[in-house]
Amino acid sequence: MRPVIELENLEVVLGTRTILKGLHGSLRGRAIGLLGPNGAGKSTLINTLLGFHAPSSGTARLFGRDIRTDIQSLRRLIGYMPENDSFIGDMSGVRFVRYMAELAGLPPNEAMERAHEAFFYVGLGEARYRDLNGYSLGMKQLAKLAQAIAHGPKLLFLDEPTNGLDPPARARMINLIREIRGTEDMHIVLSSHLLRDVEECCDEVLILKDGCIAALSNLEEERKTNKKFLELETAGADPAFTTTLEQLACECASFGNGKLRLILPEGIRIQQIYAAAAENGVQIRRMNYRRDSLEDIFLKAMQPAVGAAANGSL
Amino acid sequence: MAHATDRLIVFENVSKFYGDVLGVNRINLTIGPGVTSLVGPNGSGKTTLMNLMTGLIWPTKGYCRVLGLTAHDPERFFRVVGYCTQFDSFAKGLTGREFIYDSLRLYGLNAQEATVRTNESLERVNMMDAADRKVAAYSKGMRQRVRLAQSISHHPKVLVLDEPLNGLDPMARAESMALFSALGKEGLHVVISSHILHEVDRISDQVILLNSGYVVAEGQIHGVRDEVKEHPMQIMVRCSNPGLLAAKLFAQDHIVEAKIHDDRKGLLARTRDADRFYSLLHQIVLEGELEIDAVAPADDDVNSVYRYLIGSEGATV
Amino acid sequence: MAVYKRNYKPYSGELTANWTRFLILPRYSLAKIFDSKLLVGFLVVCLIPFLVSATLIYLSGNPAVRTLLGMQGANFIGINNTFFYYLLRFQSSLAFLITAWIGPGLVSPDLTNNALPLYLCRPFSRTEYVLGKISVLFFLLSLITWIPDIFLFLLQAELEGNGWLIANLPIARAIVLGSLLWITVISLLALALSAWVKWRIAASGLMFAIFFVAAGFGEAFNAVLRTYWGHTINLVYVMNLIWADLFGVPMNISINRRMMDDPRTMTLPLGFAWLVLIGVCGVCLLLLNRRLQAKEVIR
């Protein structure tokens, strides 16, 4: 599959500081998560790809086209949902989204139709006719998403889309993102501090640290189940249980509250674990093999690299 | 002799109206030491409750006492309470350090003590390096940390935090949660309001659910979950032969529903008695007819309780 | 029978031409402006000078009508460069009022809530943005300055006949150029203020200040230092000077009529007046350039 975003030694200097230090890599995922500590350069990367900052050296390509030369025509294919409040207060929701769609090049009639479609899609009903000034935070987020998709872009930049949303609204936003991701020919770049959001939506992850790439991984491949590690939550666990397990040649670590982590030897079966539990009058309430989660990938990436190249690409 | 209420935050029949608009209505709550999470949709009254707790507003009716004190006694009250709001505003031109130092001086500390405490709280939130830059130049996460530092700098006994993790990167989130947990163990009353339920779930001792100005539920999360009897416990089992498992489950009277996963490699069971379910599962595994891969309760957390009790109201407008 | 599910679909239909994009801005702004009954009323009032002038021109060209109305004497108001000069001066103050009213509301709503990144992440440049906004003012102000004035010019030419048109072409040129100059200066000023001052009333007040308070200071400067360079910051004076030159009318020195022999009755050099206007426009463009950025970088 052709890469969506290609970074070619991208360097960006703002003022006197070098924010992005020669990023190099290519991203192909349907939904690409962008993670990193504060100050790592996530916003700067997004702003550069949008054409707000000019690279000081190197370049980047979107859909194979160079952002240094083609950015104006590329913008037609891009949708952007900023992190901060971004709207025109004295316009109604529909008017605003229509306006933005026309500015992206849609003829007025099409813009009107797609604006309403976008509102229907994100789930804003009657409120679309009210002035944006009176919108609640959740509604503003949905309006921001509506303006980002109304002109039918192929690449969506979502910056903290679930910011400030209460749990049901957050769940809906995540579902929306997954639906959009499922559309053919659509790509999303999701920048978020919430690892869980990224984990639920993204299939590829770019982790930045100090302006360099700390990790670039395909989540599907990384999320391998590791059959060696087993996590248990029990009721009634006591040292006797641990002893029994160790007699089965398992390594056992106890975390209090009945939580246990086991390293299983070769050839052992779950049935034996349950037998051990029955022997000791312990009830197993949760049991699963350990999977490398995004949190592990992230923490690993944050550790100081020992002799790693500045690019840190795969 | 210290009264029991001297260690509690008490709301006694509290109502707050802003003209016609409802803030909270007939709240009765007792909050003890440790970490309490305040959960609810936007507009449910969380901010009102927090403003009442920190003495910024008076209740229209009823009493609110924090450790036996009210804002009628500002000298003592405001020393005891620390508030980290969700609003991202600062006086212009201040550096992070100045912001905390100035507020400490307002508490009456002398210059030396204020400096010591400023440094201490900046250390605790990892902002020592950036403390002398202007707040206007900070990123969102840095501003959040400075606000946090300010709220703990005067060593309050009650710490009220409104969306304290907003804008923080994953590591800062983990560090802050560890900090709140530690403060809770030190005996502070830490009240956290957050929308990221799985995070607060991990460190909270108590949870308070609000909706439309009323308290919908409060207490320990497992206890609350147990009380929601209209929604039987959901437990997920991944196994090789879900059909067989389902057949065995349906023979039991406490099983309400079994739904097989799309990939036919597991099922989701609903039971009125989790205990008996687990015992049954044990038995089945020991009999050797089934290989199971994973077992997990699917809705024993704040997220699910929220969904059941509050649902998706305040949603599509 | 079918069940329809509405999913997101990218857009692959036709697009509008790139160069017409900036016109989207005035279309929306004007729609909003014409919603305000007060403003529309004021615009109509601004056309009264046009009506009055048209009547005067008609009367001037028709002695028979004058006699009918009982007006004595062969002398009536002369429709010449002086006439159009004073007409433009009057209309320009109305234009100023309109700009002070509408101008501050053009750019500030976009900046108040950070909408500019949304403009600029589309195939839309800052230049197009400024062009779009300024064209709102150009359109409205032209409606009340040179467009009606050219009509009057043509009306007079029609009534006079006999090559009056050719002989007085310089007046037409003065009307158009003078109006456009004034429109450019106050529009740019209004946009720059709108971009820098958040509160609309403050921005309007600032516009008045720049013209009238500065004029006051200029005069005080002149009085104290016994010179005429104070006129540099008096934009009204500067504009009058240029118009007087364009129309070929002697500079009205009624401002300081009392001091006929005073060096202050000497006027500012014309070239210098042009420099002042160009300078003001340049400063405004610089201010706009500084403020209209997608992302501000704070040190």
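Points to keep in mind about this one:
- Count of residues meeting criterion [assigned to a loop (DSSP other than H, G, I, E, B), more than 19 Å from residue B:50 (Cα to Cα) and within 19 Å of the chain's Cα centre (by Cα)] in region B:199-235: 1
- Residue in region B:67-92 that is surrounded by the most Cβ atoms within 10 Å (Cβ to Cβ), counting only those that are in a helix (DSSP H, G or I) and basic (Lys, Arg): B:79
- Hits in region B:132-151 (condition: more than 27 Å from the chain's Cα centre (by Cα) and surrounded by fewer than 20 Cβ atoms within 10 Å (Cβ to Cβ)): B:132, B:133, B:134, B:136, B:137
- Residue in region B:171-192 that is modelled with pLDDT under 90, within 27 Å of residue A:161 (Cβ to Cβ) and among the acidic types (Asp, Glu) present: yes
- Scanning region B:183-212 for residues that are among the small types (Gly, Ala, Ser) and either within 13 Å of another protein chain (Cβ to nearest Cβ) or surrounded by 19 or more Cβ atoms within 10 Å (Cβ to Cβ) (or both) turns up B:184, B:193, B:194, B:204, B:212.
- When residues of region A:79-96 are limited to those that are among the aliphatic types (A, V, I, L, M) and more than 7 Å from chain C (Cβ to nearest Cβ), the one farthest from residue C:10 (Cα to Cα): A:91
- Number of the exception - residue A:205 against (1) under 30 Å from residue B:46 (Cα atoms); (2) not in a loop (DSSP other than H, G, I, E, B): (1)
- From the list B:213, B:219, the lone residue that is touching a Leu at 6+ places or on another chain (Cβ under 6 Å) and under 30 Å from residue B:30 (Cβ atoms) is B:213.
Rundown of residues vs (1) in contact (Cβ under 8 Å) with a residue 12 or more places away in the chain; (2) buried (at least 19 other Cβ atoms within 10 Å of the Cβ); (3) within 14 Å of chain C (Cβ to nearest Cβ); (4) out of contact with any Pro (no Cβ under 7 Å at 6 or more places or on another chain), yes/no style:
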{"residue": "A:179", "(1), (2), (3), (4)": "no, no, yes, yes"}
{"residue": "A:199", "(1), (2), (3), (4)": "yes, no, no, yes"}
{"residue": "A:209", "(1), (2), (3), (4)": "yes, yes, no, no"}
{"residue": "A:216", "(1), (2), (3), (4)": "yes, yes, no, yes"}
{"residue": "A:220", "(1), (2), (3), (4)": "yes, no, no, yes"}
{"residue": "A:236", "(1), (2), (3), (4)": "yes, no, no, yes"}
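- Count - residues of region B:221-242 that are surrounded by fewer than 19 Cβ atoms within 10 Å (Cβ to Cβ) and modelled with pLDDT of 90 or more: 1
- Looking only at residues in region B:138-158 that are in contact (Cβ under 8 Å) with a residue 60 or more places away in the chain and basic (Lys, Arg), the one that is nearest to residue A:194 (Cα to Cα) is B:147.
- Yes/no for residue C:47 being more than 30 Å from residue C:159 (Cα to Cα) and more than 10 Å from every other protein chain (Cβ to nearest Cβ): no
- Beta carbons closer than 8 Å, at least 6 apart along the sequence or on distinct chains, pair a first residue in region A:262-284 that is within 8 Å of chain B (Cβ to nearest Cβ) with a second that is small (Gly, Ala, Ser) and surrounded by fewer than 17 Cβ atoms within 10 Å (Cβ to Cβ) for A:271/B:288; A:283/A:235; A:283/A:236; A:283/B:279.
- For region C:31-76, the helices (runs of 4 or more DSSP H) that sit wholly inside it and include 3 or more residues that are closer than 30 Å to residue C:164 by Cβ and at pLDDT below 90 are C:48-61, C:63-68.
- Once region A:142-175 is narrowed to residues that are closer than 20 Å to residue C:122 by Cβ and not hydrophobic (A, V, I, L, M, F, W, C), the residue that is nearest to the other protein chains (Cβ to nearest Cβ) is A:152.
- Test result for residue B:286, within 8 Å of chain A (Cβ to nearest Cβ), farther than 30 Å from residue A:143 by Cβ and touching a helix residue (DSSP H, G or I) at 6+ places or on another chain (Cβ under 6 Å): yes
- Looking only at residues of region C:181-213 that are buried (at least 18 other Cβ atoms within 10 Å of the Cβ) and among the small types (Gly, Ala, Ser), we find that the one that is nearest to residue C:142 (Cα to Cα) is C:187.
- Checking residue B:262 against (1) modelled with pLDDT of 85 or more; (2) surrounded by 14 or more Cβ atoms within 10 Å (Cβ to Cβ), the condition it does not meet: (2)
- Of the residues making up region A:55-78, just one is at the interface with another protein chain (Cβ under 8 Å from one of its Cβ atoms) and in a strand (DSSP E or B), namely A:78.
- Qualifying residue in region C:1-19 (condition: touching a residue at least 60 places away in the same chain (Cβ under 8 Å), of a type in the set (A, V, I, L, M) and surrounded by 12 or more Cβ atoms within 10 Å (Cβ to Cβ)): no
- When residue C:30 is tested against (1) without any contact (Cβ under 8 Å) to a residue 12 or more places away in the chain; (2) surrounded by 10 or more Cβ atoms within 10 Å (Cβ to Cβ); (3) farther than 30 Å from residue A:156 by Cβ; (4) within 14 Å of another protein chain (Cβ to nearest Cβ), just one condition goes unmet, and that condition is (1).
- Within region A:28-42, considering residues that are within 11 Å of chain B (Cβ to nearest Cβ) and under 14 Å from the mean Cα position of the chain (by Cα), the one surrounded by the fewest Cβ atoms within 10 Å (Cβ to Cβ): A:37
- Candidates in region B:54-66 are the residues that are surrounded by 18 or more Cβ atoms within 10 Å (Cβ to Cβ) and touching a helix residue (DSSP H, G or I) at 6+ places or on another chain (Cβ under 8 Å); of these, the one that is nearest to residue B:23 (Cα to Cα) is B:59.
- Breaking point among (1) surrounded by fewer than 19 Cβ atoms within 10 Å (Cβ to Cβ); (2) among the β-branched types (Val, Ile, Thr); (3) within 25 Å of residue B:181 (Cβ to Cβ), for residue B:35: (1)
- Residue A:51 meets the conditions (1) among the small types (Gly, Ala, Ser); (2) in contact with a Lys or Arg (Cβ under 8 Å, 6 or more places away or on another chain); (3) in contact (Cβ under 8 Å) with a residue 40 or more places away in the chain; (4) under 18 Å from residue A:158 (Cβ atoms) in every case but one. The failed one is (3).
- Residue C:79 fulfils the conditions (1) modelled with pLDDT of 90 or more; (2) surrounded by 21 or more Cβ atoms within 10 Å (Cβ to Cβ); (3) over 30 Å from residue A:84 (Cα atoms) except for a single criterion, (1).
- In region C:100-129, the residues that are more than 7 Å from chain A (Cβ to nearest Cβ) and part of a loop (DSSP other than H, G, I, E, B): C:103, C:125
- Selected residue [at pLDDT below 95 and more than 22 Å from residue C:51 (Cα to Cα)] from C:152, C:189: C:189
The values are calculated or read from the model by the stated rules, or taken from the named source; none is laboratory data. As the structure is a computational prediction, the values presented were derived from the model and not from experiment. Using ideal geometry, Cβ is built from the backbone for each residue, glycine included, and neighbour counts are taken over all protein chains shown.
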